[in-house]
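Just so it is clear, none of the values below were taken in a lab; they were calculated from the coordinates. For clarity, every value in this text was computed on a predicted model and none was experimentally measured. Don't worry about glycine lacking a Cβ; one is built from the backbone with ideal geometry, like all the others, and counts go over all protein chains shown.
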């Protein structure tokens, strides 16, 4: 075997294939006459497009200060200035979690110096090229060419000095990203951005509060980024880097399952806590908490413990199921009687726990009772903080706007539509005809009609169909419409996964004596979800892009502020008609998010080996 | 030897799987129906309080809707307004699908090109367009077009192509009076051509000589088209025939309509059930039916009966027409069918040869027109005249947006499809001495098409649904017209029902066409 594998010894090593820019160009640009023609045409397109783009971007008439001046508006709309620390705290927590997860899961491998060198040289080439064709003054052109040249030389030198190792992956990607972050932070301290100003009595006024009260010629001046932005970012970046290094060093040895589990839990908790408690700043009515929420929590904790202890006893069997069913009916019957919502939620949750306990409880009831107490606590706590008013003083109905609202919309819709989508997919592949009919009808009906129609339904018709006195805010309606919409698409993705599982898996689990529920939860669903992870990431991207549709129904999301609010602004500075600048900025931001997601999807696809069989 | 048979224990009701499953399903079904009934009754009572009762009168009443562009800018009824919106949606969807397919295929192939710079250009296009929300792109195209130079008095004249912030105007071919009779000739040419091409194919199979079936077919169609161009007035005898049919239809009693529809529904469901029984038949008699099978049979049978009942109910529903008289739906349907035949009679009338519209369009099947900039109104505002094709800014924004966006997705699908064709096919064609263009066209693309088609159909569906974003740039598609009607009449529920019916029908049609081709293209396997 091994003999056959070894290559016969050669007297001379084979001549390495010829290399060099001329040969590369012959092979890749002018291999045939037709290819040569295409190269020339494409080159003309590239030069014209690049020149058009540079002329557009660096045209003095462009109002890029519409973006820089309104950055806070674009990000968080009218969030009060003295409460901005809440926003920075949120960003900081997310960066902390991100850095810790990157370190604990050891994400980010090694890059080949050759690739890094190619990227450096391409970047340098692009800088030099735009220096040559861009509409700049001669010194700027010269300096751009020089900067581009430095990058090209740097790339070349990297390739040269790594020598034989150029094709070995030896450069840690996370290290490169760390250096980039440090450079970025350094840059935001020195860079100057265009800000609008008014000339009053020969004096340049950039302060909106003063400029708003007087008439005067409006100009653009270059100013450093305000310290209220730069210092938080610096602190957050330093925190992120330190966290990464700290966790990396601390987890050098061994697998850290507990740490991973803790981080996953923190991620899951982070979103509702940050959104509802930190950003929303609810009014905490402790009196009501003691009167309603604490008794409710204690009552259900004790009741749940008793019920769950009973139903997960071995040998109780079918009685437990009947009890669970009665609990569920009772829980839904609470809708008919007036009572605090927290009791209804807790009753439904307890019924679900009781129904699931015989299937998942295992030998002891300890785990499931612990899980119930935690669930009980979380539900009570979130109902408590959601049911009160927000203390954030904003003019609109919702406390967030701009990019933060877009992210909240996308994230909530994804998180909520996921369980619904899985249930719909299970229903559509179920053997029970009425369930299958209902789920299929739902999925096809929702998918056959565009999202904008569903948004219009939520905004025009829902108010009519709701009982009088019940009102649902605009953001909640949009979240609802997007959740129900994307659940149908997610269901189709998950169905693909469910259908890809070989029948033998089901037969084997039946042979082991598993119930249908156990088979679904422990055997088929995990495999199905793993198989469709790339498709699910694709759905996440689609939802993120689809959030922009809420601008049509008048929510103040990122696109709405970029397209409607800023180009209509005339005080304290006029940005009338600056729609192209703001739209391009919005496009770039959306692009950065979706491009990152699509790269993650590609990596996952490769890592999971889906599609390579 | 005796076998001791244990007395079979009867399964208790709460452990019987069938009972449990059906109970759960029925409970959920009842809950879902109860939810809809509650919401519906609540909506009905809320409607009553707000003086707007649910109804369809707006379809035939004037709604006062003004439409910016389309086949009719001030429609006299709600139905007509919706019709204009539907035509506008279809205009974007159909032309968008055609162009997006072409562009997407080109870019997909470019992304596989060995030419480095062409390859990179395609990559940049795909990655940019695909990752930016469509709505942002539509807004951007709109903003770009609005900032174009406006028409001034000096622009008056006739053009081949003219760009301004009032839209894009260019020379175009339009249908004219003799179009439909001429199309009859073309269709006949197509049928004859297909017959000839089949004959040539048989000839090729028998003799081994090249048959050139495609060329023969094209030649036959051209000959028929040329002859028809001059000879179409001889079809004028069809006019009295269609007129007679129209009269016959008008005299039908209204009760025929529900009877036909009800009979159709019942016969179709009965046929389905019979075929189903037949398909389960085994040599030993009827096969065993599962719960599921019985459910299907009951469901189809019930649906047939419900549809038959609905046919009678809907036919008898009376609405007020624009003219002011009250007619039942059945009468209106008969009237519509009669009108269709009257329209056919008009289309085949030889009088059309002499019809001259505003001194520009004259008789003949087609007419070529160039756009013109005129000074219009008392204020002498320069505007595009009625001739030539004028693409408005909203149309441009939505069309460019959906077409470029879908093209990026189609490019990825085409690329994947081509890559999925086994490499041996490429190598074999190269070994046979095929050039790149030829093997791509004749070997790879036909095979790749089989893989591409299902996801391509999905993209067509997406494009069709994305045209609804025209609402954001005030393009008068069905959603925009519908929202205007809601604002004018308050009839939100009926309009939403119309939207759903339209989009579901469109989606079903597209997937039906795609599935048909898909079945045709699939390899026949044993």
Please work out whether the stretch A:127-271 counts as rounded, prolate or oblate from its C-alpha gyration tensor, where a ≥ b ≥ c are the square roots of the eigenvalues and a/c under 1.5 means rounded, while otherwise a/b larger than b/c means prolate and anything else oblate?
oblate
I need the Debye-formula profile for the stretch A:284-388: one equal scatterer per C-alpha, no solvent, reported as log10 I(q)/I(0) at q = 0.12, 0.13, 0.22 1/Å, two decimals.
-0.40, -0.47, -1.11
Rounded to 5, percent antiparallel among DSSP beta bridges of the protein assembly as shown:
95
What is the mean projected area of the alpha carbon convex hull for chain A, to one decimal in square nanometres?
40.0
Averaged over its residues, how many other protein chain Cβ atoms are within 10 Å of peptide A:443-451's Cβ atoms?
5
Fewest-first ordering of A:27, B:477 by Cβ atoms within 10 Å yields A:27, B:477
In Å, descending, principal axis extents of the Cα set of the stretch A:403-516
53, 33, 26
More than 43 Å apart: what percent of Cα pairs in the protein assembly as shown qualify?
54
Shielding by partners - mean other protein chain Cβ count within 10 Å, residues of A:583-591:
5
Length-normalised contact order of the stretch A:284-388 in % [C-alpha pairs under 8 Å, at least 6 apart]
41
Just how many % of Cα pairs in the stretch B:363-419 lie over 18 Å apart, if you round to the nearest whole percent?
63
Using only the alpha carbons of chain B, determine the length spanned along each of the three principal axes and report them from longest to shortest in whole angstroms.
109, 76, 54
Ranking B:426, A:431 by Cβ neighbours within 10 Å, fewest first, what do you get?
A:431, B:426
Which order results if A:559, A:327 are arranged by neighbouring Cβ count within 10 Å, fewest first?
A:327, A:559
CD proxy at 222 nm, helix term only [per DSSP H run n ≥ 4: -39500 (n - 2.57); per residue of the protein assembly as shown; nearest 500]
-21500 deg cm²/dmol
Provide Rg and Dmax in Å for the stretch B:80-168, with only Cα atoms included in the calculation.
18.0, 53
Expected-Rg normalisation [2.2 N^0.38 Å, Cα atoms] applied to the stretch B:359-472:
1.71
For the stretch B:57-214: rounded, prolate or oblate by the Cα gyration tensor [a/c cutoff 1.5]:
oblate
Kirkwood hydrodynamic radius over Cα pairs of the stretch B:144-258, then Stokes diffusion coefficient at 37 °C and 0.692 mPa s, in µm²/s
168
In peptide A:31-40, what is the residue-averaged number of other protein chain Cβ atoms found within 10 Å of each Cβ?
3
Dimensions (Å) - the stretch A:420-472, Cα atoms, principal axes, largest first:
40, 25, 16
Given axes a ≥ b ≥ c from the Cα gyration tensor, I'd like to know whether the stretch A:566-605 is rounded (a/c under 1.5), prolate (a/b larger than b/c) or oblate.
prolate
